[in-house]
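Just below is one structure, and these are the notes that go with it.
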Amino acid sequence: MIDRGTGALVIAGAKVFPIVLSNGPPPAGTAPSGRNGLAEVAAGGVNMIRSGSGNWSLELADGQITEERSVLNAAGGHGLHCWTWLGRVPNLPAQAGSANEQLLVKIVKGLKGHPALAAWKGVDEPALGSVPAAGLVRAYQRLRALDPDHPLVIIEAPLGTVAALAPYSAALDITGADIYPVSYPPGIHTGGANPDISIVGDVTRKMVQAARGKPVWTTLQIAWSGVLPPAHVPRFPTLLEERFMAYQAIVAGSRGLAFFGGHLTQLMRPADVQSGWNWTFWERVLKPLVTELSSTAIAPALVAPAAKVTITANAGDIDVVTRQADGFLYLIAVRRGSSTSQITFSGLPAGIGGGEVLFEYAQGRFREITVTSSAFHDWFGPHDSHVYRFPHKP
């Protein structure tokens with residue numbers, strides 16, 4: 001279900017910021033630490049994996065449902081939930097009783113009661129594939145009648161206008177886009193419209209407009225087809241880049257993040273190929289970021305409502321969002337430009353004298369900042385992202 005006040009996903013009565021691996025490690029695989037791969041990513045802060053199939057078949061459905069239930073069992077056994085892909089099934093013709101409708105009913109009835117199911121994934125990138133919205137709307141209405149408890153999520157390509165994407169909002173509970181800007185040359189995933197990694201914010205904001213008030217999840221890259229050899233030179237985001245893209249998506253309105261491509265063996269180290277998942281990228285980049293996002297310091301802000309305060313920066317390339325949670329005012333700020341300078345933030349509530357910069361350390365604790373006359377100063381370099389926390393009760 002979805003919390004209407006914030007757009008956060010609700011699981012077992014608690015608001016959740018989805019941190020999704022698409023795809024996750026093999027359910028029976030082993031991480032370099034020696035423990036089960038799903039246990040490893042769950043311990044790092046991941047709370048959901050994409051499961052399901054793009055090739056459901058009415059003839060093979062019973063076996064496919066049994067296989068999917070085994071994935072749900074494995075995920076649930078490690079405290080994870082699943083975002084189950086329905087492939088091309090949730091696209092129904094006008095006439096009732098089609099093969100797709102029969103298959104949709106069979107899958108949903110077979111899986112909807114599983115405690116590890118969190119959400120359904122609909123047809124992938126339908127606007128790019130010229131799949132008309134009408135059939136998806138019919139499937140959405142049928143699915144919601146069968147299962148009112150689990151939202152349907154449709155992820156689009158990063159291309160297309162708000163006007164072209166908006167009709168799909170009637171076919172979903174949550175939308176979003178794939179956006180993979182790190183490549184040689186940069187920006188080929190979006191046709192070069194903005195070759196900088198700040199395209200993540202542009203695309204997320206566009207999806208927020210197209211969603212017509214419904215929540216948005218943003219899918220970021222581990223790897224994708226545009227970096228796979230031999231046709232392409234492999235390239236991965238750095239921790240600085242991945243962290244910026246994650247926080248920029250959040251600032252732009254994303255209420256969940258997925259990370260795609262950890263399963264693409266074509267550009268892995270030999271040991272990772274053997275395990276079937278990119279543990280090198282996990283250790284170097286994704287684990288530090290996910291640990292931060294899922295921490296008790298930051299996680300409350302990610303499911304919180306917007307704060308009723310307007311904080312502004314004195315530079316046009318700084319984007320901000322404010323949240324109020326657990327007795328704290330949070331400010332998340334990112335720099336989409338390439339300059340380095342000291343930024344002044346103004347408009348903090350009266351009475352705030354200082355705060356912390358989360359996951360940036362000085363003298364063994366979070367770096368502290370001083371607030372004077374409702375303002376403070378801090379340095380930002382290219383693609384910097386800072387998360388500030390101030391004691392405050394409105």
- Note on the structure: Reported set for region 218-229 where residues are within 13 Å of Met268 (Cα to Cα) and open to solvent by 10 Å² or more (accessible area, probe 1.4 Å) is Trp224, Leu228, Pro229
- Query: If you check Gly261, Gly256, Gly337, which single one turns out to be at pLDDT below 95 and either within 17 Å of Asp384 (Cβ to Cβ) or surrounded by 19 or more Cβ atoms within 10 Å (Cβ to Cβ) (or both)?
  - Reply: Gly337
- Item | Subset of region 41-65 that is without any contact (Cβ under 8 Å) to a residue 40 or more places away in the chain and crowded, with 22+ Cβ neighbours inside 10 Å - its residue that is farthest from Gln102 (Cα to Cα) | Ile49
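Select from region 329-365 the residues that are of a type in the set (A, V, I, L, M, F, W, C) and in contact with a Gly (Cβ under 9 Å, 6 or more places away or on another chain) and write down the one among them that is farthest from Thr310 (Cα to Cα). Steps first, please.
Step one: filter region 329-365 for residues of a type in the set (A, V, I, L, M, F, W, C), giving 329, 331-334, 343, 345, 348, 350, 352, 357-359, 362.
Adding the requirement that they be in contact with a Gly (Cβ under 9 Å, 6 or more places away or on another chain) leaves 329, 331, 334, 348.
Numbers: Leu329: 11, Leu331: 10, Val334: 16, Leu348: 8 Å.
So the residue we want is Val334.
Mind checking whether some residue in region 217-238 is in contact with a Lys or Arg (Cβ under 8 Å, 6 or more places away or on another chain) and within 30 Å of Ala163 (Cβ to Cβ)? Even if it seems obvious, please write down each step before you answer.
Let us first name the residues in region 217-238 that are in contact with a Lys or Arg (Cβ under 8 Å, 6 or more places away or on another chain), namely 217, 227.
Still in the list and also within 30 Å of Ala163 (Cβ to Cβ): 217.
Yes: region 217-238 contains one or more residues that are in contact with a Lys or Arg (Cβ under 8 Å, 6 or more places away or on another chain) and within 30 Å of Ala163 (Cβ to Cβ).
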- Verdict on Leu159 being farther than 25 Å from Trp224 by Cβ, open to solvent by 10 Å² or more (accessible area, probe 1.4 Å) and in contact with a helix residue (DSSP H, G or I) (Cβ under 9 Å, 6 or more places away or on another chain): no
- Hey, can you tell me all the residues within region 162-196 that are in a loop (DSSP other than H, G, I, E, B), open to solvent by 30 Å² or more (accessible area, probe 1.4 Å) and hydrophobic (A, V, I, L, M, F, W, C)? Ala193
- Message: What pairs come out if I take residues in region 220-234 that are farther than 14 Å from His189 by Cβ and pair them with residues that are open to solvent by less than 30 Å² (accessible area, probe 1.4 Å) whose C-beta lies under 8 Å away, six or more apart or interchain?
- Response: Pro229/Leu267; Val233/Val227; Pro234/Ala223; Pro234/Val227; Pro234/Leu228; Pro234/Leu267
- Message: So Pro186 passes all but one of these: (1) at positive phi; (2) touching an Asp or Glu at 6+ places or on another chain (Cβ under 9 Å); (3) free of Cβ contacts under 8 Å to residues at least 12 places away in the same chain. Which condition number does it fail?
- Response: (1)
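Are any residues in region 267-314 free of Cβ contacts under 8 Å to residues at least 40 places away in the same chain and either surrounded by fewer than 18 Cβ atoms within 10 Å (Cβ to Cβ) or closer than 23 Å to Thr30 by Cα (or both), and if so, which ones? Full working, then the answer.
Of all residues in region 267-314, those free of Cβ contacts under 8 Å to residues at least 40 places away in the same chain come to 268-270, 272-274, 280, 296, 300, 306, 310-314.
Matches in region 267-314: Met268, Arg269, Pro270, Asp272, Val273, Gln274, Thr280, Thr296, Ala306, Thr310, Thr312, Asn314.
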- Query: Has region 139-146 got any residue that is touching a strand residue (DSSP E or B) at 6+ places or on another chain (Cβ under 7 Å), open to solvent by less than 30 Å² (accessible area, probe 1.4 Å) and either closer than 27 Å to Thr291 by Cα or not aliphatic (A, V, I, L, M) (or both)?
  - Reply: no
- Those residues that are touching a strand residue (DSSP E or B) at 6+ places or on another chain (Cβ under 7 Å) and outside any strand (DSSP E or B), I need them from region 327-339; list them, please. Gly327, Arg336
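Can you name the residue in region 66-101 that is on the phi > 0 side of the Ramachandran plot and open to solvent by less than 50 Å² (accessible area, probe 1.4 Å) and is also modelled with the lowest pLDDT among such residues?
Narrowing region 66-101 to residues on the phi > 0 side of the Ramachandran plot: 79, 87, 97.
Going one step further and asking which of them are open to solvent by less than 50 Å² (accessible area, probe 1.4 Å), we end up with 87, 97.
Details: Gly87: 97, Gly97: 91.
Among residues in region 66-101 that are on the phi > 0 side of the Ramachandran plot and open to solvent by less than 50 Å² (accessible area, probe 1.4 Å), the one modelled with the lowest pLDDT is Gly97.
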- From Gly29, Gly97, which residue is within 22 Å of Phe281 (Cα to Cα), over 15 Å from the mean Cα position of the chain (by Cα) and not polar (S, T, N, Q)? Gly29
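The values are calculated or read from the model by the stated rules, or taken from the named source; none is laboratory data. Predicted model only: the values in this text are computed from it and were never measured. All Cβ positions, even for glycine, are placed from backbone atoms using ideal geometry, and neighbour counts span all protein chains on display. Note: areas computed on protein heavy atoms with side chains; ligands, DNA, RNA excluded. Shrake-Rupley method; radii C 1.70, N 1.55, O 1.52, S 1.80 Å.
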